[in-house]
Each structure stands twice: as structure tokens, then as C-alpha cells.
1. If GLY59 satisfies all but one of (1) surrounded by 11 or more Cβ atoms within 10 Å (Cβ to Cβ); (2) within 23 Å of ALA98 (Cα to Cα); (3) not basic (Lys, Arg), what's the number of the condition it fails?
2. Which residue is modelled with the highest pLDDT, if the candidates are limited to the range 36-89 and must be of a type in the set (Ser, Thr, Tyr) and touching a helix residue (DSSP H, G or I) at 6+ places or on another chain (Cβ under 7 Å)?
3. Hey, could you check the range 115-145 for residues that are touching a strand residue (DSSP E or B) at 6+ places or on another chain (Cβ under 7 Å), within 14 Å of MET166 (Cβ to Cβ) and of a type outside the set (A, V, I, L, M) and say which is surrounded by the fewest Cβ atoms within 10 Å (Cβ to Cβ)?
4. Contact list please: Cβ distance under 9 Å, first residue in the range 172-196 and under 19 Å from ASP125 (Cβ atoms), second residue aromatic (Phe, Trp, Tyr), pairs at least six apart or on different chains.
5. Got a number for residues in the range 35-45 being part of a loop (DSSP other than H, G, I, E, B) and either of a type in the set (Val, Ile, Thr) or over 11 Å from the mean Cα position of the chain (by Cα) (or both)?
6. For the range 7-34, give me each residue that is assigned to a strand (DSSP E or B) and of a type in the set (A, V, I, L, M, F, W, C).
7. State all residues of the range 162-208 that are over 15 Å from the mean Cα position of the chain (by Cα), closer than 22 Å to ASN37 by Cβ and not in a helix (DSSP H, G or I); if no residue qualifies, say none.
Amino acid sequence: MSNDAEVPSPHRRGLMLVLSSPSGAGKTTLSRQLLENDSRIKLSISCTTRERRPGEVDGVDYHFIDTASFRDMLERGEFLEHARVFDHYYGTPGSPVAEALDAGGDMLFDIDWQGTQQLKEKGRDDLVTVFILPPSTHDLEKRLITRAQDSPDIVARRMAKAADEMSHWAEYDYVIINRDIATSLIQLKSILTAERLKRERQYGLADFVMALREGR
């Protein structure tokens with residue numbers, strides 16, 4: 001008679017899911033909805049030197065720090081990736097990410113293409129990258145104006161930068177055209193499910209299959 005208790009259960013190393021897009025394309029909304037729908041993935045909280053926007057919470061959306069503190073962390077090599085965007089610095093602390101991955105937890109990153117390139121250098125095997133595109137340039141500008149978080153000057157700067165940001169789409173594993181948040185979320189969840197099931201990420205499968213073949 002088989003004894004299920006003797007079958008060694010495979011375990012999975014966590015993955016890093018990166019979402020990138022030009023500002024206003026919807027990656028932050030998709031990130032929040034994914035986190036609400038999937039308790040197995042947590043947001044990697046970046047450090048930033050910019051001011052808090054309305055509704056943002058320190059330690060939840062970002063770790064808001066001053067420029068001197070950011071530079072100290074950078075000199076100590078504490079960031080997995082960092083970038084300067086619109087006169088402000090952003091960086092991902094490495095220790096919390098490493099601990100989560102080792103424990104089988106997944107981490108979500110809301111970062112730009114520059115940060116993604118840096119992550120590729122340090123954790124390619126753990127990385128899954130997704131680029132979010134808007135359905136049109138007009139729609140992108142409309143979203144930036146509607147969200148009313150930035151001045152007209154900043155909106156203009158973001159639109160000017162969007163073309164360059166979108167040129168990096170081919171560097172990503174997956175591309176989602178965000179015509180509708182609900183549909184895009186389904187697509188994003190499908191990507192995450194498939195990546196979690198990849199053979200390379202499931203450790204102990206050889207022992208598991210051997211036990212099954214032995215009738216355990």
C-alpha cells in the first residue's frame with residue numbers, strides 16, 4: 001500500500017515579477033489589483049527621494065528618504081537597482097528581496113527599464129519581466145491629465161519621455177496592451193501562474209517523481 005507521507009513534496013523558489021511602462025499606462029493600478037487578488041506575492045518597496053503624493057503611505061508605497069540617506073545606502077551596495085527619474089532617486093533594497101525568494105515568496109517590482117536591466121545582471125533566473133503599453137498616445141496623455149497628480153509641466157515631460165521608454169518593450173519577456181484593466185489583470189495573473197509552474201523553479205521534482213515511480 002502506498003504511503004503519501006513518504007513522498008517528498010517539491011518546493012519552489014520565489015520569483016521577481018517586474019512591471020514596467022511609461023507613466024500613466026496603468027502599471028501601478030495593475031500592481032495594486034494583483035496584490036489584492038494574490039496573497040502569495042508581495043510588493044518590493046523601493047526607497048525614493050521624491051515627496052509623497054496624496055494618499056501615499058511611507059513604508060507601504062515607498063520608503064521616503066532624503067538624498068543623503070539614499071547616497072549612503074548606494075555607497076554601501078544595499079540596492080539591487082537604482083535610477084534617477086525626474087530629478088529624484090529610486091532604489092530597491094536587496095536584503096528583503098533575497099529573504100523572500102529564499103523562503104519561496106514572490107516579489108513584485110514597479111520599476112522602469114533601467115532598473116530592470118540592473119536586475120537582469122543580478123538575478124536573471126529569478127526574473128519575469130512584463131511591459132505595459134497604452135492603447136494609444138492620446139489615451140496615455142488623457143490618463144496623465146485625469147489622475148491630476150502632476151503639474152502640466154511634469155505631464156509634458158512625462159509625455160516627452162514616453163516614446164523613449166516604450167522603445168524598450170522588446171527587452172521584456174511579456175507585453176500587455178492595457179486597453180482594459182480587468183482584461184490586463186487576467187493576462188498578468190496568467191503569466192504569473194505559468195511562471196510559477198516552470199520546471200526550473202520547482203526544486204525536488206526529481207525526488208518527487210522517483211517516489212511516485214516507486215509506488216510511494
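1. (1)
2. THR49
3. PRO135
4. TYR172/TRP113; TYR172/PHE131; ASP173/PHE131; TYR174/PHE131; ILE191/TYR174
5. Number of matching residues: 4.
6. MET16, LEU17, VAL18, LEU19
7. ILE177, ASN178, ARG179, ASP180, LEU197, LYS198
The values are calculated or read from the model by the stated rules, or taken from the named source; none is laboratory data. Keep in mind that this is a model prediction, so the values were computed, not measured. Here Cβ is always computed from backbone atoms with ideal geometry, including for glycine, and neighbour counts include all displayed protein chains.
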